[in-house]
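Structure record follows, encoded as structure tokens.
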Amino acid sequence: MKFQRNKTPLKTAKTLAIGTLAFASLGIALSGCRKSFLDETPRVQTPDDYFNSTSNAAQELVTAVYSKLYDWQQHSFSWIGMTSIASDEGEKGSDPGDTGADKDQFDKLSWSPTAISFGEVWESNFEGIARANKAIDILPTLDINSSLRERLMGESRFLRAYFYWNLVRSFGGVPLIPKVPKTPEEIEALNYRATADQIYDFIDADLEFSATVLPARYLSDQAGRVTSGAAKALLAKSALYRKRYGKAESLCADIMSSGNYSLFAEYDKLFREVGEFCSESIWEVNCKGSSPAKAIEGYFVVQAPRGAGGLGWGFNTPTDDLTKAFEPGDLRKGATYFSRGDVLWDGYECNTLAPNVRYNYKSYVSKTMESWGKDDWMANKNVRILRFADILLIHAEAANENGKTADALKSLNMVRNRAGLANSTATSQAEIRDAIWKERFVELAMEHDRVFDLRRQGRAGTVMRAHGKNYIDGVHDLYPIPQRQIDLTGGKMTQNPGY
């Protein structure tokens, strides 16, 4: 059932908009329908009765948090626009007259606070936070095994940190909601933004807890659940963004020495079904399942070729700048994008008259050679969030900033060698830094990190202006707070500079 926006009183809409109606979000997930909680007929049995009467309550609470990862607003069209189309790796694509609601604005860096993508990403992540908060609130009250409770608390806190991670990188400081708000004072606090540092501190505290209580591995039937390795990996990434290089290096070294991860030998198969949950996978969204079907809504079809013989809408097409960044002989090039007239690994031929020159290969799903899924909207493409190559490059960058150039080069060259390239010839700290940043561009291309990498590196303006875009330093470094959120708070929530 598709999500229907319902008209609600202003006071109720205010809390709903930023995801604080945790019960509403939870009710959506448990019922399997997106009908608004506010429209439901009152029941004799209360939610508390339910949670205390079913043996599956604990699992259902946390499953409701995970289920948010599949939503259209979470990882699909809006997120693609904000993370790839707004950078130098992706263009709008599709037909010239198809704006994709606002994806043309991301291509031109001409977005405004009313762009639909900002509102969708904001609301989706706060709904995820609300679900996590509800789980964290109820789990201690349930009569379950203590080790299970601790593990589920660790998963919930990791996911809450992940939702905040998406928000703070996009918008900077946002409302900090550490628990289900109940008092008038706690509800009033939702109208105001915490600082970015406060949000990062909150993220780190959740991840540090998760790293201590989560298992290192799950059995295959639990693939997709977060682990201690995932918590450490995201914590290392957070440390890198905050320039806490000692912490980032140490966490990466711990992951590297754990023996739990290694680079997948064949990069060209890494993003196919055969590469899912491989040795390189630290955390990916598990889109395998048929009852019910599980998939990130529209992720495949949005980016698949458009036109005669096409499979989808044709958005987020790789740029010339990206294609030119690959060195001769780089095995990753042919696995990152394909072009008009190419015959893909499963025999599909891209139309020579397709509207765009090239398309994203990493988002491709084979209808004939893979398990496919329910349909093109629910194609079961796992999306990789954290993988070992990223950890090696974080380690390389942190070690280099710590003056350990030999260690940095060792990690960097592991990634290069897997791609069929010789060791880097960089020698000085500055040269190695540039080499690592370039390696991140090609290794992690079309994986939704590029725009944030450029911003944290302090060179987004330089790179994007060279890319032909009118990037305004101090303005485009953050996205605007959605105007609807400011309006719903009566102007109490502040806007980012320049908007």
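For (1) touching a helix residue (DSSP H, G or I) at 6+ places or on another chain (Cβ under 8 Å); (2) buried (at least 22 other Cβ atoms within 10 Å of the Cβ), each residue gets a yes or a no:
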residue: Lys179; (1), (2): yes, no
residue: Asn191; (1), (2): yes, no
residue: Thr195; (1), (2): no, no
residue: Asp204; (1), (2): yes, no
residue: Leu207; (1), (2): yes, yes
Take the residues of segment 436-492 that are of a type in the set (S, T, N, Q) and not in a loop (DSSP other than H, G, I, E, B): which is surrounded by the fewest Cβ atoms within 10 Å (Cβ to Cβ)? Thr462
Out of all the residues in segment 173-190, which are among the charged types (D, E, K, R) and assigned to a loop (DSSP other than H, G, I, E, B)? Lys179, Lys182
Residue check: is Lys410 of a type in the set (Lys, Arg) and touching a residue at least 60 places away in the same chain (Cβ under 8 Å)? no
Within segment 120-137, how many residues turn out to be hydrophobic (A, V, I, L, M, F, W, C) and surrounded by fewer than 20 Cβ atoms within 10 Å (Cβ to Cβ)? 0
In segment 72-99, how many are surrounded by 21 or more Cβ atoms within 10 Å (Cβ to Cβ) and of a type in the set (Asp, Glu)? 3
Which pairs turn up if I take residues in segment 80-95 that are in contact (Cβ under 8 Å) with a residue 24 or more places away in the chain and more than 18 Å from Trp122 (Cβ to Cβ) and look for partners that are assigned to a helix (DSSP H, G or I) and of a type in the set (Ser, Thr, Tyr) with beta carbon separation below 7 Å, at least 6 apart in sequence or on another chain? Gly90/Ser84
Contacts under 9 angstrom Cβ, first residue in segment 176-200 being free of Cβ contacts under 8 Å to residues at least 40 places away in the same chain and within 22 Å of Arg242 (Cβ to Cβ), partner of a type in the set (Val, Ile, Thr) and in a helix (DSSP H, G or I), 6 or more apart: Leu176/Ile199; Ala196/Val168; Ile199/Val168
Every residue from segment 403-423 that is among the hydroxyl-bearing types (Ser, Thr, Tyr) and surrounded by 21 or more Cβ atoms within 10 Å (Cβ to Cβ): Ser411
Note on segment 343-372: residues of a type in the set (Asp, Glu) and in contact with a helix residue (DSSP H, G or I) (Cβ under 9 Å, 6 or more places away or on another chain) are Glu370
Which ones in segment 145-172 are surrounded by 15 or more Cβ atoms within 10 Å (Cβ to Cβ) and part of a loop (DSSP other than H, G, I, E, B)? Gly172
The correct count of residues that are of a type in the set (S, T, N, Q) and either under 16 Å from Ala396 (Cα atoms) or assigned by TED's automatic domain parsing to the domain that holds Thr368 (or both) in segment 232-280 is 4
Cβ pairs under 8 Å, 6+ apart or interchain, first in segment 97-124 and on the phi > 0 side of the Ramachandran plot, second in a helix (DSSP H, G or I), ordered by first then second residue, are Gly100/Phe77; Gly100/Gly81; Ala101/Phe77; Ala101/Ile116; Ala101/Ser117; Leu109/Met464
For the structure I just gave you, tell me whether Asn400 is out of contact with any strand residue (DSSP E or B) (no Cβ under 9 Å at 6 or more places or on another chain), assigned by TED's automatic domain parsing to the domain that holds Ser87 and either part of a loop (DSSP other than H, G, I, E, B) or surrounded by 23 or more Cβ atoms within 10 Å (Cβ to Cβ) (or both). no
Checking Ile282 against (1) touching a residue at least 60 places away in the same chain (Cβ under 8 Å); (2) part of a helix (DSSP H, G or I); (3) in contact with a Gly (Cβ under 6 Å, 6 or more places away or on another chain), which test does it fail? (2)
Pull up segment 100-119, narrow it to residues that are polar (S, T, N, Q) and in a helix (DSSP H, G or I), then point me to the one that is surrounded by the most Cβ atoms within 10 Å (Cβ to Cβ). Ser117
Kindly check whether there is at least one residue in segment 287-307 that is closer than 24 Å to Arg418 by Cβ, among the polar types (S, T, N, Q) and assigned to a loop (DSSP other than H, G, I, E, B). no
Any chance Tyr218 is touching a helix residue (DSSP H, G or I) at 6+ places or on another chain (Cβ under 6 Å) and either at pLDDT below 95 or not assigned by TED's automatic domain parsing to the domain that holds Gln483 (or both): no
Among the candidates Ile472, Ile385, Ile486, Ile436, which residue alone is within 28 Å of His75 (Cβ to Cβ), touching a strand residue (DSSP E or B) at 6+ places or on another chain (Cβ under 7 Å) and of a type outside the set (Lys, Arg)? Ile385
Residues satisfying the stated conditions in segment 311-326, i.e. at pLDDT 95 or above and in a loop (DSSP other than H, G, I, E, B): Gly312, Trp313, Gly314, Thr319, Phe326
Pick from Leu234, Leu167: which is in contact (Cβ under 8 Å) with a residue 12 or more places away in the chain, under 22 Å from Val121 (Cβ atoms) and touching a Leu at 6+ places or on another chain (Cβ under 9 Å)? Leu234
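The values are calculated or read from the model by the stated rules, or taken from the named source; none is laboratory data. All of these numbers come straight from a predicted model, not from anything done at the bench. Note: ideal-geometry Cβ built from the backbone for every residue, glycine included; neighbour counts use all protein chains shown.
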